[in-house]
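Some notes on the structure that comes next.
The values are calculated or read from the model by the stated rules, or taken from the named source; none is laboratory data. Values in this document were obtained by computation on a predicted structure and should not be read as measured data. No Cβ is skipped: glycine too gets one built from the backbone with ideal geometry, and neighbour counts run over all protein chains shown.
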Amino acid sequence: MYISIEREKVVRIPPHMLGEDLMEVINELTWESFEGKIEENDMLTVLIKSVEPIGLGRIVHGDGAVYQKVKYEALVFRPILQEVVEGTVCEVLKFGAFVRFGPLDGLLHISQVMDDRIDVDTDNQRLIGKDSKRDLKVGDKVRARIVALSLNERSPRESKIGLTMRQPGLGKLEWLKEDRERKGEAA
């Protein structure tokens with residue numbers, strides 16, 4: 001889920017940058033320090049804008065750098081356990097598929113794709129249902145639910161997010177459309 005919030009943090013301005021345009025330096029250091037990072041409440045900062053310095057900076061004895069408090073608006077992404085997300089299959093492997101939703105990827109384990117036994121076609125990067133003949137491949141749009149969540153603060157791209165599509169209303173968007181049309185014909 002995307003949320004817009006306001007934050008106050010401190011940036012360190014190294015001594016060699018003190019002669020440059022202060023606002024440019026503060027903006028650049030704020031972006032470098034906080035964008036793409038996971039912080040409190042498992043929120044991944046996606047974008048920072050409207051950076052403003054607050055008060056005067058502090059110089060720490062023996063360091064020479066200026067520590068400047070800043071206020072900024074941040075667009076954050078916070079995945080929530082049991083949340084339903086829509087994404088795109090970005091990779092298919094022998095044990096499942098990776099689905100990109102927002103700025104993160106989640107693993108859709110082979111056992112969580114559908115209520116069918118599955119054949120893996122690694123050459124064509126496809127998962128195929130043995131009985132239903134439905135397939136899942138790179139580029140497919142899917143709706144899934146987050147069932148496991150372990151975010152890595154040091155390297156957000158290495159976070160472990162588990163997904164499932166094994167319940168009504170979840171699956172490849174084409175399958176959901178087919179199911180709705182089939183129900184409409186039966187009614």
Within the stretch 57-79, restricting attention to residues that are loosely packed, with under 15 Cβ neighbours inside 10 Å and modelled with pLDDT of 90 or more, which residue is farthest from residue 103 (Cα to Cα)? 58
How many of the residues making up the stretch 1-32 are assigned to a helix (DSSP H, G or I) and either among the acidic types (Asp, Glu) or closer than 13 Å to residue 69 by Cβ (or both)? 6
Given the options 142, 89, 70, 99, name the one that is aliphatic (A, V, I, L, M), in a strand (DSSP E or B) and in the same structural domain as residue 57 (by TED's automatic domain parsing). 70
So is residue 44 touching a helix residue (DSSP H, G or I) at 6+ places or on another chain (Cβ under 8 Å), more than 30 Å from residue 19 (Cα to Cα), surrounded by 15 or more Cβ atoms within 10 Å (Cβ to Cβ) and touching a residue at least 24 places away in the same chain (Cβ under 8 Å) or not? yes
Any idea which of (1) in contact with a helix residue (DSSP H, G or I) (Cβ under 8 Å, 6 or more places away or on another chain); (2) modelled with pLDDT of 90 or more; (3) surrounded by 15 or more Cβ atoms within 10 Å (Cβ to Cβ) is the one residue 141 doesn't satisfy? (3)
I'd like the residue in the stretch 55-98 that is touching a Ser or Thr at 6+ places or on another chain (Cβ under 7 Å) and β-branched (Val, Ile, Thr) and, out of all such residues, is farthest from residue 170 (Cα to Cα). 70
Quick check on the stretch 5-14. Is at least one of its residues more than 15 Å from residue 103 (Cα to Cα) and either polar (S, T, N, Q) or modelled with pLDDT under 90 (or both)? no
Residue 118: passes all of (1) surrounded by 15 or more Cβ atoms within 10 Å (Cβ to Cβ); (2) without any contact (Cβ under 8 Å) to a residue 60 or more places away in the chain; (3) within 21 Å of the chain's Cα centre (by Cα) but (3)
Of the conditions (1) part of a strand (DSSP E or B); (2) more than 15 Å from residue 84 (Cα to Cα), the single one that residue 154 does not satisfy is (1)
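To keep it simple, each residue is scored yes or no on (1) part of a loop (DSSP other than H, G, I, E, B); (2) over 23 Å from residue 79 (Cβ atoms); (3) in contact with a Pro (Cβ under 9 Å, 6 or more places away or on another chain).
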| site | (1), (2), (3) |
| --- | --- |
| 107 | no, no, no |
| 120 | no, yes, no |
| 132 | yes, yes, no |
| 136 | no, no, no |
| 146 | no, no, yes |
